[in-house]
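Inspection log for the structure reproduced underneath, given as structure tokens.
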Amino acid sequence: MIGRALTSFFWGWLADRYGRKPIILIGTSSVVVLNALFGLSTSFWMALSTRFLLGCFNSVLGIIRAYASEVCREEYRSVALSVASTSRGIGMIIGPAIGGFLAQPAENFPNLFSESSIFGRFPYFLPCLVISVYAVGVLVACWWLPETLHMHDKKVNKRCDSCDVLEASAEESDEKDYVIEVEERKISQKANLLRNWPLMSVIIVYCVFSLQEIAYAEIFSLWAVSDKKYGGLSFSSQDVGEVLAISGFGLLLFQLLLYPPIEKVLGPITVTRLSAAVSIPLLASYPYIAMLSGITLHLVINIASVLRNTLSVALVTGLFILQNNAVPQSQRAAANGISMTAMSVFKAFGPAGGGALFSWAQKRQVAAFLPGDQLVFFVLNLVQFIGLLLTFKPFLAQPHE
């Protein structure tokens, strides 16, 4: 996260200047190499260095958000951004599940992997290798991505001098889009993104919700595997992996099938507010879910987890739409770079803060006010409520369509 915070704006600036596709290719290549090296780490500092470098070289998420809003017509932008945020959400859910299932293969699958093999000497290399191989496939597929940032200033000026725009053909209609794009680029070169309050207000709201999201992800796994006498679920790592996998599947169905029509009717800001508001009573119910047992517990926690992750991604998707609407295309990647920088700073503190909060709550099992895990979910809801308040005027300024 620190590496990403240091370089996200730089990669966004490059993407606005030279195109989206080269930056996407560089970021995906960094996953192939550095993720594999992380699995081959022989010391803590090597592991830390590879993660830092991966953050420095990989700014794919911000660029993809800009790309998704540009690669299709306006009426499909909510679908495109929904796909982008769904992919991110599923990655955050399935990624830890892959790590949990494939880590230490020599111990978990001794018939397939021996202690003397590379997977025995590097017990966390297998999940990293699987992700790197997958990234190779993504890298190959990205060669066929069309570039969405068009730079035809000279061509446009020449064509505009020699053709009648009102009687333009389909090809010339594209050139009119280029004219508008060029004019936007000239105007945006003088614009200061940091003074764009509709953009900055959305980024601040996004950072608050990101802090809550990463803290929840850290706390959920700790809470699920902790003993029932401490208010947890007494789940195994495999149980947690199954819950996360089911959540990912439910999230995929909702974002692809239900989110676009809902966003079309209600609008992105209303979807964001509703998602944040419904998440509060849902999280407040978690300590009471821990009182259940058997099949009832598994059924309820799976439903709650699907709802929670769906609401979280729907919330973020609405903010992505508002953020991209706040700037012209020629500044979109830089704007997403600023967003990624700020979000990475907040997310750098989220896991540590969530872990510390959970540890403190474990020592308050007999407290009179908010004992045990009730304190954990109260603090998560407090952050969520602050984010919800910030989605209203006068703080959040919506861009003019």
* Asked: Heavy-atom accessible area per residue, the stretch 211-301, 1.4 Å probe: how many Å²?
  -> 46 Å²
* Give, in nm to one decimal, the length gained when the segment between Trp360 and Ser49 is fully stretched (0.36 nm per residue of separation minus the Cα-Cα distance). => 109.0 nm
* Ranked from the most accessible area to the least, with a 1.4 Å probe and all protein chains present, what is the order of Met46, Met200, Met340? -> Met46, Met200, Met340
* Structure fact -> Under the helix-only model (-39500 (n - 2.57) for each DSSP H run of 4 or more, divided by the residues of the chain), the mean residue ellipticity at 222 nm, to 500 deg cm²/dmol, is -25000 deg cm²/dmol
* To do: May I have the count of lysine pairs in the chain with C-alpha atoms under 16 Å apart, counting pairs 8 or more residues apart or located on different chains?
  => 8
* In the stretch 52-98, what trypsin sites (Lys or Arg not before Pro) fall in a loop by DSSP, with at most 13 other Cβ atoms inside 10 Å? -> Arg73
* Within a Gaussian network of the chain (alpha carbon springs, distance under 10 Å), most fluctuating of Ser82, Ser116, Ser305 -> Ser116
* Asked: Of Phe44, Phe9, Phe320, Phe395, which has the most accessible area with a 1.4 Å probe, and how do the rest follow in descending order?
  -> Phe44, Phe9, Phe395, Phe320
* Cα-based shape type of the stretch 293-401, given that a ≥ b ≥ c are square roots of the gyration tensor eigenvalues and the cut on a/c is 1.5 -> prolate
* Structure fact -> Whole-percent carbon and sulfur contribution to the accessible surface of the chain (1.4 Å, no ligands, DNA or RNA) stands at 68 percent
* To do: Just grab the label-to-label distance for Lys228 and Ala367, each label 7 Å out from Cα along the Cβ direction, in nm (one decimal).
  => 2.5 nm
* Where q = 0.07, 0.12 Å⁻¹, what log10 of I(q)/I(0) comes from the Debye formula for the chain, counting one point per Cα? -> -0.37, -1.03
* Asked: Across bins of 10 angstrom width beginning at 0, how are the C-alpha pair distances of the stretch 1-160 distributed, in whole percent?
  -> 10, 31, 32, 16, 8, 2, 1
* Structure fact -> Contour minus Cα-Cα span, Leu299 to Leu194, at 0.36 nm per residue, comes to 33.2 nm
* To do: May I ask you to compute the full-extension gain from Lys393 to Phe10, defined as 0.36 nm times their residue separation minus their alpha-carbon distance, rounded to one decimal in nm?
  => 134.8 nm
* Quick one: order Thr272, Thr296, Thr341 from most to least accessible surface, probe 1.4 Å. => Thr296, Thr341, Thr272
* To do: Quick one: compute the contact order of the stretch 1-120, relative version, from alpha carbon pairs under 8 angstrom and 6+ residues apart, as a percent.
  => 24 percent
* Structure fact -> So, over other residues within a Cβ distance under 14 Å of Leu145, counting Lys, Arg +1 and Asp, Glu -1, the net charge is 0
* Asked: To the nearest 10 square angstrom, how much accessible area does Met1 have with a 1.4 angstrom probe?
  -> 80 Å²
* How far apart, in nm, are two points set 7 Å out from the Cα along the Cα-to-Cβ line at Arg121 and at Ile262? -> 5.0 nm
* List the relative contact order of the chain as a percent without decimals, with contacts defined as Cα pairs under 8 Å and 6+ residues apart. => 28 percent
* Would you be so kind as to identify all helices of the chain, as entire DSSP H runs, whose Cα atoms reach 30 Å or more along the helix's own axis and whose mean Kyte-Doolittle hydropathy is at least 0.0? => 77-102, 197-225, 294-325, 332-362
* Which residues does a label at Cys72 reach in the stretch 266-292, if reach means a backbone N under 16 Å from a point 7 Å past the Cα toward the Cβ? -> 268
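The values are calculated or read from the model by the stated rules, or taken from the named source; none is laboratory data. Only a predicted model underlies this, so the values are computations on that prediction, with no experimental measurement involved. Note that we place each Cβ from the backbone using ideal geometry, even for glycine, and neighbour counts take in every protein chain shown. Accessible surface is based on the protein model in full, side chains and every heavy atom, while ligands, DNA and RNA are left aside. Shrake-Rupley method; radii C 1.70, N 1.55, O 1.52, S 1.80 Å.
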